[in-house]
């Protein structure tokens, strides 16, 4: 008999945690409307993250953004990981596939075999995409080439970072990619739903 009560208690605590996270996300979205200028990292506190809003299919995001060439996009994998690519226009994203092939794919294919239902785009506090046409050109120059793919040491995040900043030291995680992009563009990062 105590086991079902324990499950009910855990479910109630989980529901409260999810509601608190959803409320926090709504506060973040409403606060960003009041910024006159895009938020730079100048006033970032020592232990504050430059990533204000992570991509998630769990909570609704009001802001939808049209991508521009060189925008960084992502979708979810299994609810635990994120897969990144670069928008190059004409409904096309360039990605590093898990087999090591760098390839252009459509928006529909980008999410087809992944758990995420939405594509998210990295933006600043004014919902302007964080983008680089140079990064898009670098990605396009590598189409149909193979890399020695490794889930940790040579993954999609590493490929994207090298498109933005060639010959820089390697990285492994989505969080690290976000932090470096925030520093490169001197902007706090919000992940908004891609209107593509």
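Nothing in this text is a laboratory measurement; each read-out follows from the coordinates by a stated rule. Note that the coordinates shown come from a computational prediction; the quantities given were computed from them, not determined experimentally. Here the Cβ positions follow ideal geometry from the backbone for every residue, glycine too, while neighbour counts run over all protein chains shown.
Listed values, structure above:
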item: Approximate spin-label separation residue 44-residue 151, in nm, with each point projected 7 Å along Cα-to-Cβ; result: 2.9
item: Length released on extending from residue 112 to residue 62, taking residue separation times 0.36 nm less the Cα-Cα span; result: 15.7 nm
item: Net lengthening on full extension, residue 77/residue 105 (0.36 nm per residue, minus Cα-Cα); result: 8.4 nm
item: Anisotropy class of segment 127-196 from Cα gyration tensor, a/c 1.5 cut; result: prolate
item: Distribution of pairwise C-alpha distances over segment 35-194, 10 Å bins, in %; result: 11, 43, 37, 8, 0
item: Normalised contact order of segment 35-194, rounded percent, pairs of Cα under 8 Å and 6 or more residues apart; result: 33
